[in-house]
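**Student:** Starting off with a structure, shown below.
The values are calculated or read from the model by the stated rules, or taken from the named source; none is laboratory data. All values reported here derive from a predicted model rather than from experimental measurement. Cβ placement follows ideal geometry from the backbone for every residue including glycine, while neighbour counts extend to all protein chains displayed. Please note that ligands, DNA and RNA were not included when accessible areas were found on the heavy atoms of the full protein model with its side chains. Shrake-Rupley method; radii C 1.70, N 1.55, O 1.52, S 1.80 Å.
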Amino acid sequence: MSDNYKSIDHIISCLSGYDPNSISVSEALNIIFELTEKYSKGVCSENVCLKDAPGRILYDDLISTIDVPAQDNAAMDGYAFSYASLNGNDKTTQLRIRESITAGELVTREIQEGDCVRIMTGAKMPRECDTVIPQEFVSIVDGVACFNSDIVKQGDNRRKRGEDLRLGKSALRRGRLISSSDVGLIASLGISDIQVFKKLCVGYFSTGNELRSPGQKLDEGCIYDSNSYTISAMLERLPVNVLDFGIVEDDPLLLEKSLKNAASKTDLIVTSGGVSVGESDYTKQVMKSIGNVEFWKIAMRPGRPMAVGTIEKSDSQDIGQAILFGLPGNPVAVMVTFFIFVLPAIQRMCGNITFSHNKIQLPLHTSVKKKKGRTEFRRGNLIRLNDEIYVEPQKNQGSGILRSMSEADCLIILEHDAENYEAGENVDVLIFDGLH
Ligand code: AMP
Ligand code: MG
């Protein structure tokens, strides 16, 4: 897979107006998508049984092999009859009940005019019948069903053959992230296993001398490594195999060794910390020396510094590169940059090639101040007032305040070129879909 990626230098050289001192969120996403585009074309497929398919990505278009439902059937428990046999002038209809069928049973004889069949939900409609009256509207006298014909229309309570899925028509498209309802739909076609894109292998590690793992003693001046846990949890929700490479000290040799090791074993590496300009931020020089890596100041908040590029798989039999995302160190910045950049990159690399975030528009509950020239992702909450839903940014937006991420329902996107927002103004919102 040596030729999997366009070089990041090449991608960037084709972009007019690229300024490494400040790059917009949409420019960064465009570069990332160019970088990952070729990868998705090289991903192979594997066969999985249907129970293992949710969360995986469909490899081929799924064409319906049968009509679903396979026959017209009753949508209610009631009485099936031919609408044409109703006497139009007579409001009170009386139909003789010929037999009774439940789902899976068939009628044993022809239904004549003036007859009906007691039928349960899901039972195949007798050939001569087109309408079902629910049993609640029927009284039975001596084996005759009596009801007011004013309340029925032709075709009532009949599910039509193929109304869910039609034989030969596309049921699901290649590249689709398979949901719970999708597996139900595939099962309803009688298919027990399907081709999905193979899982990517994603590795991650945290950098920093000050980091201790939960469970260890916390030395003075140190903090616990939370980024490994948020990154791992977010990765576990995606169709990837995950490798944890631990905590790496701020030491150029150790960093180089860890990056080479991770690159040799994975398709994509996510690191946190060490990408800003502090004295112990060696990641930049190390990454540059063993890969094709760009460092960005992204015009966004939180999450300004970030590194993106490729690292050669020089240590392994496997030739090629692993994609690298060097995220900032601050815990909230890590989660936001993962959500905005890494998640769509992984989804697209895994075959979900049109993936982009679902944004919805909601009015702001209070006015918001912001600087022009950067995109801001504010942690927010949904609030309901007088049957309207609003979003309210949280008070503390510090990029180290992970608690506010836990308490938030969504990210509120304040646009790059916008300045201040008034209360009631609509904003784009990314609802956390269980990933955070
Ligand atoms: P850095 O970009 O390495 O300078 O890190 C920025 C801030 O994030 C510092 O306050 C770090 O201590 C903190 N930080 C870095 N890595 C982690 C981590 N894995 N878990 C929690 N906080 C971190
Ligand atoms: Mg650091």
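**Student:** Just reorder Arg301, Arg159, Arg379 by solvent-accessible area, largest first, 1.4 Å probe, all chains present.
**Tutor:** Largest to smallest exposure gives the sequence Arg301, Arg159, Arg379.
**Student:** Next question, about the same structure. Given 0.36 nm per residue, what is the gain on full extension from Asp9 to Asn386 after removing their alpha carbon distance, in nm?
**Tutor:** Roughly 130.5 nm would be gained on extension.
**Student:** Provide the solvent-accessible area of Leu185, counting protein heavy atoms only and rolling a 1.4 Å probe, rounded to the nearest 10 Å².
**Tutor:** 40 Å²
**Student:** Could you grab the relative contact order for the stretch 359-431? Cα pairs under 8 Å, six or more apart, rounded to a whole percent.
**Tutor:** Rounded, it is 49 percent for the stretch 359-431.
**Student:** Sticking with this structure for a sec: Have a look at the DSSP beta bridges in the chain and tell me what percent are antiparallel, nearest 5.
**Tutor:** So the antiparallel bridges amount to about 70 percent of the total.
**Student:** Expressed as a whole percent, how much of the Cα-Cα distance distribution for the stretch 359-431 exceeds 19 Å?
**Tutor:** That fraction is 28 percent.
**Student:** What number, in percent, do you get for the relative contact order of the chain if the mean sequence gap of Cα pairs under 8 Å and at least 6 apart is divided by its residue count?
**Tutor:** 16 percent
**Student:** Per residue, how much accessible surface does the stretch 73-159 expose to a 1.4 Å probe? Answer in Å², no decimals.
**Tutor:** About 54 Å² of surface per residue is accessible.
**Student:** If eta is 1.306 mPa s and T is 10 °C, what Stokes-Einstein diffusion coefficient results for the stretch 169-303, Kirkwood Rh from Cα pairs, in µm²/s?
**Tutor:** D = 90 µm²/s.
**Student:** Return P(r) of the chain (all Cα-Cα pairs; 10 Å bins starting at 0; whole %; ordered from short to long distances).
**Tutor:** In whole percents, the pair-distance histogram is 4, 17, 21, 18, 13, 10, 9, 6, 2, 0.
**Student:** I've got another one for you. Which distance in nm do the two modelled labels at Ile191 and Thr121 give, with both placed 7 Å along the Cα-to-Cβ direction?
**Tutor:** Placing both labels 7 Å beyond Cα along the Cβ direction yields 2.8 nm.
**Student:** Residues of the stretch 229-257 with amide nitrogen under 17 Å from the 7 Å Cα-to-Cβ point of Gln216?
**Tutor:** 229-230, 244-252, 254-255, by backbone N distance to the label point.
**Student:** Report the accessible area of Cys44, computed with a 1.4 Å probe over the heavy atoms of all protein chains in place, in Å² rounded to the nearest 10.
**Tutor:** So the heavy atoms of Cys44 present about 80 Å² to solvent.
**Student:** Please give the residues of the stretch 398-436, grouped as numeric ranges, whose backbone N is less than 18 Å from a label point set 7 Å along the Cα-to-Cβ vector of Lys372.
**Tutor:** 414-422
**Student:** Using helices alone, what [θ] at 222 nm do you get for the chain, with -39,500 (n - 2.57) per DSSP H run of 4 or more residues, divided over all residues and rounded to the nearest 500?
**Tutor:** Dividing the helical sum by the residues of the chain leaves -5500 deg cm²/dmol.
**Student:** How big is the accessible area of Lys124 in square angstrom, nearest 10, if you roll a 1.4 angstrom probe over the protein chains?
**Tutor:** 90 Å²
**Student:** Here's something else I'd like to know. I'd like the per residue volume of the convex hull spanned by the Cα atoms of the stretch 140-183, given in cubic angstrom.
**Tutor:** Taking the convex hull of the Cα positions in the stretch 140-183, it is 163 Å³ per residue.
**Student:** Can you compute the equivalent ellipsoid semi-axes for the stretch 73-159, i.e. the square root of 5 times each eigenvalue of the Cα gyration tensor, sorted largest first and rounded to whole Å?
**Tutor:** 18, 13, 12
**Student:** Shifting gears a bit: Remind me, relative contact order of the stretch 208-263 in percent, using alpha carbon pairs under 8 angstrom and six or more residues apart?
**Tutor:** Dividing the mean separation by the residue count of the stretch 208-263 yields 31 percent.
**Student:** While we're on this one: Rank Gly104, Tyr79, Cys49 by how far each Cα sits towards the positive end of the charge dipole of the stretch 39-107 (+1 on Lys, Arg Cβ; -1 on Asp, Glu Cβ) and give me just the farthest.
**Tutor:** Toward the positive end, the furthest listed residue is Tyr79.
**Student:** Summarise the accessible area of the stretch 73-159 (1.4 Å probe, protein heavy atoms) by the percent that is carbon and sulfur.
**Tutor:** Roughly 43 percent, rounded to a whole number.
**Student:** Using label points projected 7 Å from each Cα along Cα→Cβ, tell me how many nm separate Gln112 and Lys288, to one decimal.
**Tutor:** Inter-label distance under the simple model: 9.5 nm.
**Student:** If I model a spin label at Glu415 and Asp433 as a point 7 Å from the Cα along the Cα→Cβ vector, what separation in nanometres do I get?
**Tutor:** About 2.3 nm, to one decimal.
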